[in-house]
Amino acid sequence: MRILKATSTYLWRQATKRLALGFVLFVPFIMLFITSIDLLPFYINFGRYETNRGLIMGALLIAGVIYAIYPFMNYRSGSIGEKKVAEILAATLSSEYSLFNDVTLTNMKRGNIDHIVVGPTGVFAIETKNNKGQISYYGDSWEGIKGRPSAQARINAVRIRDILKNSEGFKHRTPLVQSIVVFSNRGVRLMPKKPPDWVKVVRIEELAVFLTSEPRKLSAQEIESIEMTIENNITNNN
């Protein structure tokens, strides 16, 4: 497989920032905590302000969990999941296929597309989730996971298609862009109730099989043109 855009360090940078914020919040919490234990030599009696010390400690602890630790774990998990998908695609797909990771297109105001795969079987917009545990979905309504990953995958597919449609080579015949949500954590238990419209939901071990089992739709020349169009419409936000 040809890697046309490598996985960026964006998620790891965000995770590191949150970890630094956690340090900033937890240092004063620890200082207040050890000065509140009268058996320690660091004990300080705040007198009538003891209640305020407890309130400040509680506020620092809650803020650390909400704004630092929880986001850090989410960013770290997301980064691990995207890396897993990129590695398994690179190891299993042939050189007929190309892969773009962490893509922000010129028609996107924010966010990114986790992966774009281009090959003889078509163009694929892939949304990666690294969640584990039981996850169920009924169309675009999901339980056990934050947000609506199927809707996000479909929006990203439309963005890619719009880029291609506005290019010179595909004004008369724009290729369909397939939306995929892939779960990279093998500990996930998917409980589908109704598949979302125009979106394929797969586990990571099923992804390469799905990509290669589709009918061949694109010629080598069309693949090259699609790759060039995507490359020309990638911003440097990541």
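Quick note: the coordinates plus some simple rules give every number you see, no bench work behind them. On a predicted model such as this, the values are computed, not experimentally measured, just so you know. Methodologically, a virtual Cβ is constructed for each residue, glycine included, from the backbone with ideal geometry; neighbour enumeration extends over all protein chains shown.
Of the strands (runs of 3 or more DSSP E) lying entirely inside segment 165-238, those carrying at least 3 residues that are within 14 Å of I126 (Cβ to Cβ) are 177-183, 199-203. Here is a check on your reading of the model: is F33 touching a helix residue (DSSP H, G or I) at 6+ places or on another chain (Cβ under 9 Å) and more than 29 Å from E205 (Cβ to Cβ)? Judged against the criteria, F33 is a match.
Within segment 85-103, is there a residue that is farther than 26 Å from T16 by Cβ, over 18 Å from the mean Cα position of the chain (by Cα), among the β-branched types (V, I, T) and surrounded by fewer than 18 Cβ atoms within 10 Å (Cβ to Cβ)? Yes, that holds for at least one residue. Among the residues making up segment 104-135, a single one is more than 20 Å from S150 (Cβ to Cβ), buried (at least 24 other Cβ atoms within 10 Å of the Cβ) and not small (G, A, S): V118.
Confirm whether K193 is of a type in the set (K, R), out of contact with any helix residue (DSSP H, G or I) (no Cβ under 6 Å at 6 or more places or on another chain) and over 25 Å from A91 (Cβ atoms). Spelling it out, K193 is indeed of a type in the set (K, R), out of contact with any helix residue (DSSP H, G or I) (no Cβ under 6 Å at 6 or more places or on another chain) and over 25 Å from A91 (Cβ atoms). Residues that are under 21 Å from D197 (Cβ atoms): list the strands (runs of 3 or more DSSP E) wholly contained in segment 90-163 that include at least 1 such residues. Counting at least 1 such residues, we get 113-119, 122-129, 133-138, 141-143.
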